[in-house]
Every structure is written in C-alpha cells, then in structure tokens.
Amino acid sequence: MRHFVFILTMILSFNASASINSSGESGRGNSLLRFIANHPGLRQYALYSVISNRCNRHMPYEKGDCKRAVKRELEILDFDILFSEIKNSEDPTNSNKWVPSSFVFVAFKQELIDHLNHKNTEAYLRDLNFHLTQYLTGEIKDANIWNVTMKHFKNELHAAGAIAVLLQDTSPMKLHLAYLDKREIKGRPPFAVNKELLAHTIDTISMVLDYTEKGYGQLFYPPSVKNLINKTIYHFYVPYYLAMKLVAEGHSKRMAHAAPFLMTLSYEFITHAEDYRYLIKDPTHLDPIKDAAKLTDIHGGYTGAALGAQRYQQIISLDDFKTSFQRSTQEALFYLLRN
C-alpha cells in the first residue's frame, strides 16, 4: 500500500513546484505542500484526480460510471497518512522550506481497528502463523493462506477483506502498524494481543519470502488463481477486495474491475519515469524485459480486480499481458477494459 503515498508525494511535489515556478516564491509552494499533506480531503481528491483522469482517457463513453466507482473505492480504502516534518537541510532555520521526510500510512483504517478489536482475530492469526511456520520448516507442503482465511471467515468477501486489511504491508516497516503506534490507538482488550500477533505473522511471511525460491504463488493466492508469481501480495488482494466490495454495493462488474485496475495502473505508470511525465499521461508501451517487474505488478492488480469483479473470462496470462503492452499501452487497455 505504500504506492498510494508515493503517488500522493509526487502530486504534492508537483503542485508545490508549480507554485514556485509560477510565483517565484518558495515559501508559497511549501505552504501549499504542507496544507495539502495535512488535509485529508485534498489528499483524497488528489488521488481521485490522477485515477479518474484515466477513466476519461480509457473509458470515455462510460467515464461517469468509472469515476463513481473510483470515488467509492477511495472511500472504501479509508486511508490516512502521517508525515514527519523536517526543515530543508540547506537552510534549517527556514520553516517555509518544509518537506515530508518520512511517513506512516494506513489503508482500511477503521476495518483494521475493527479486526484488531475482535476476539476471533487472535485464533485466525495464530492459525495463519502456525501454517506459515510449518511451511517454512517443511513440515507441510500444501499450506495456503487463502484456505486458512476461508476456514475462519467462511465468506469470500470477508476473507479477501481480512487479508487485504491485515496484510496490507508485509514489509519489515509494517507501516499500517506503525501508523497505529503513531496515532496512539489502543483499542479494546483484544487489540494489543492481536496487534502483536499480526506483527509476528508479518515477520513470518517475510521469512517465507526470503527463504522460498518458488511456490509462494501456491502459498499466498486462492487456488483458483493460476500462475501469479508476485511476492507483494497486496498487488492482488487490495484490488480483489475492492472489486468485490464494489460489486456487492451494486456497481457493474466492468466498473468494479476498472476502478481498482486503474488505481494500480496509475502508480505503475507514474513510477515508470523519474520525472512527472506520467502523472497524467501514459507511456506509449512497456518493454516485456526491461519492465518485467512492473508488468508483473500490473498483472497482479489486473487479475485481482478481474476475479473480484467475477470477470473470470477476462483474465489473460502474464505472457499475453506483456505482449499486449509491448505493442501499445492504449491498445492493451482498450482490450483489457472494454471486453
């Protein structure tokens, strides 16, 4: 989920530099940067603008429905960011040169708190950690976190939500847990135990990823998902859950697929270049070799959104996916979003 912060930081920096360039006043640009960073409504609108712009371009005849789905998915995402503020190192006495130095981030904020407050979460996390540990030690070969999660939550939507919410950052930073610490959120009596168990489970996942050369596709994804090789499971589960939620709330399957897919796509396109050139526009194509990792991440989001929206017939293999983007980004998205 860290990619949302990256998109936001790019937007903030872009807006601040635009203010500086137009007025010549660095203080004015940094004031804008600080104001947007600390205003949740503006942060949400900034992300909405980047994603909905791609509704205009890639779904022009259905852009209204697409934008409504994007708006709702960001509401479901329920994200928050806390920036640590530092003064510019070139002039530490000048508070106008404020920049966000680091951040903690949470998605599905209230859902995360609710999960950690729930008494049944402890049994789920202990069971999940047990299966991961058994897999790591070689005592079981067929561990699968989706099957473990379904055993506890019974319902596919609830199971997808549990994974997307609780495992939204499986890096050592665990930004969503750091956010809870920074906000000093304590919760009800199960909260502290569940939070500690979740941190331990994420550490176990990190060990599995470090020591397993292959097989993590079988370990981390639903058995119906074939040939996903992405280690960053949030690329799949967040779009998967968002698409399921959008369908459950009455959005069409096409829009429930498009909105989460375009969200993933926006980040991957923006990070395709070191400057801001793809903040709004798209690269003309992606190279299947040079951009292999990026295409794998996009394919994970595409697959998750398609499955969550019950558009099973839309899923194409990673190789075909790479070939379509090699020819033309515009043509690839025309096919992936409209068929």
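The values are calculated or read from the model by the stated rules, or taken from the named source; none is laboratory data. Every value quoted in this text rests on a predicted model; they were computed, and no experiment measured them. Using ideal geometry, Cβ is built from the backbone for each residue, glycine included, and neighbour counts are taken over all protein chains shown. For accessibility, only protein heavy atoms count, side chains too; no ligands or nucleic acids. Shrake-Rupley method; radii C 1.70, N 1.55, O 1.52, S 1.80 Å.
The table for this structure:
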quantity	calculated
Helices (runs of 4 or more DSSP H) wholly inside the stretch 1-118 containing at least 3 residues that are at pLDDT 90 or above, open to solvent by less than 20 Å² (accessible area, probe 1.4 Å) and not β-branched (Val, Ile, Thr)	40-58, 63-77, 109-117
Any hit, the stretch 244-253, residues being crowded, with 24+ Cβ neighbours inside 10 Å, touching a residue at least 40 places away in the same chain (Cβ under 8 Å) and either farther than 26 Å from residue 65 by Cα or in contact with a Gly (Cβ under 7 Å, 6 or more places away or on another chain) (or both)	yes
Residue ID - least open to solvent (accessible area, probe 1.4 Å), chosen from residues in the stretch 119-167 that are modelled with pLDDT of 95 or more and of a type in the set (Asp, Glu)	127
Selection count where residues are part of a helix (DSSP H, G or I), in contact (Cβ under 8 Å) with a residue 12 or more places away in the chain and farther than 21 Å from residue 143 by Cβ, scope the stretch 182-207	7
Count of the stretch 173-209 residues which are closer than 16 Å to residue 129 by Cα and either open to solvent by 80 Å² or more (accessible area, probe 1.4 Å) or at pLDDT below 90 (or both)	4
